[in-house]
1. Mind running the shape call on the chain? Use the C-alpha gyration tensor, a ≥ b ≥ c as the square roots of the eigenvalues: rounded below 1.5 for a/c, prolate if a/b tops b/c, oblate otherwise.
2. Give K59/K104; K124/K212; K110/K200; K49/K172 a once-over and call out the pairs whose C-alpha atoms are over 30 Å from each other.
3. Using helices alone, I'd like the mean residue ellipticity at 222 nm for the chain: each DSSP H run of four-plus residues gives -39500 (n - 2.57), total over residue count, nearest 500.
4. Go through 3-10, 96-103 and give me the packing order, highest mean Cβ count within 10 Å leading.
5. Taking the Cα centre of each part, how many Å lie between the stretch 194-231 and the stretch 8-45?
6. What is the fewest-to-most order of V89, V111, V217 by other Cβ atoms lying within 10 Å of their Cβ?
7. Nearest 10 degrees is fine. How inclined is helix 118-133 to the longest principal axis of the chain, computing both from alpha carbons?
8. Pairing the Cα long axis of helix 17-28 with the longest principal axis of the chain, what angle in degrees results, from 0 to 90 and rounded to the nearest 10?
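Values in this text are rule-based calculations from the coordinates and carry no lab data. This is a predicted model, so every value here is computed, not measured. Cβ: placed from backbone, ideal geometry, glycine included. Neighbour counts: every protein chain shown.
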Amino acid sequence: MFELTGKTAIITGASRGIGKAIAMKFAQQGANIAFMHIGDGENAARTEKELTALGIKAKGYECDVSDFDAAKALVDEIIAEFGEVHILVNNAGIIRDGLMLSMKESDFDKVISVNLKGTFNMTKSVYQHFMKKRRGRIINISSIVGLNGNAGQANYASAKAGIIGMTKSVAKELASRNVTANAIAPGFIATDMTASMPEKAREAAIATIPMKHAGQVEDIANTALFLASDEAGYITGEVIRVDGGMAM
Ligand code: NAP
């Protein structure tokens, strides 16, 4: 079940956190992995080594997903190098939190450009390849904040809600080509992103989770694996919350 042998996945932002967990999970199921990161070459090199040790082909690429031309050129390079791409996971994301009153225009633009436009850039770059092959899986990492909003995250919530709209639109466009597009909406997951929150805000967030603890990166990776698998072939345009009941 959930076998990915012989498949290649592109995963954005997989040098650490949720993206890395997805890469490791896919690789354990036999997939080859091409992943993207932005800055930290050390993390990326470690991830590449851990992936390769699983006996699959893996390569990390430094590429800013918000740069359309760079994203397109890299996807073409990956297709040439790996032969075919079967799965795209749009995971790269950033936060620049602040109440709307004090949020800088540049913080709004930056979050939209990495989280939302990055998802557009990558999806557009694999679109024709998936259409021609008449198969493909697009998995977009949204957030429960995109469903419910969150004070201090107007930029991030807008991007994550936009990702849900994009997912459903692409799902409708590509359904007849046997390409599925789905989104995962994580709740509060223990990663560098949530570790960067003030202690009080972190405790307050965890208190609102019916399960009373943060999620683990593997919780998201397991859901991504299911959506990437043949077993999920009839699911498209769906948003799956993985949040311990937080946005219920
Ligand atoms: P993280 O630990 O901060 O990791 C972010 C990853 O994205 C890193 O690999 C980073 O690369 C990469 N990245 C950032 N900007 C990029 C860019 N412009 N181009 C390419 N790669 C870029 O984040 P995370 O917590 O794992 O979150 C992963 C995804 O889940 C994000 O979309 C986030 O919004 C979403 N999410 C997270 C939570 C949570 O509770 N953690 C909840 C809901 C949704 P470098 O290592 O090179 O910096």
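1. rounded
2. Over 30 Å Cα-Cα: K59/K104; K124/K212; K49/K172.
3. Values: 10 runs with 112 residues, N = 248.
The per-residue figure over the chain is -13500 deg cm²/dmol.
4. Per-residue mean Cβ counts within 10 Å order the peptides as 3-10, 96-103.
5. Using only Cα atoms, the two centres lie 18 Å from each other.
6. V217, V111, V89
7. Helix 118-133 and the main axis of the chain meet at about 30 degrees.
8. 30
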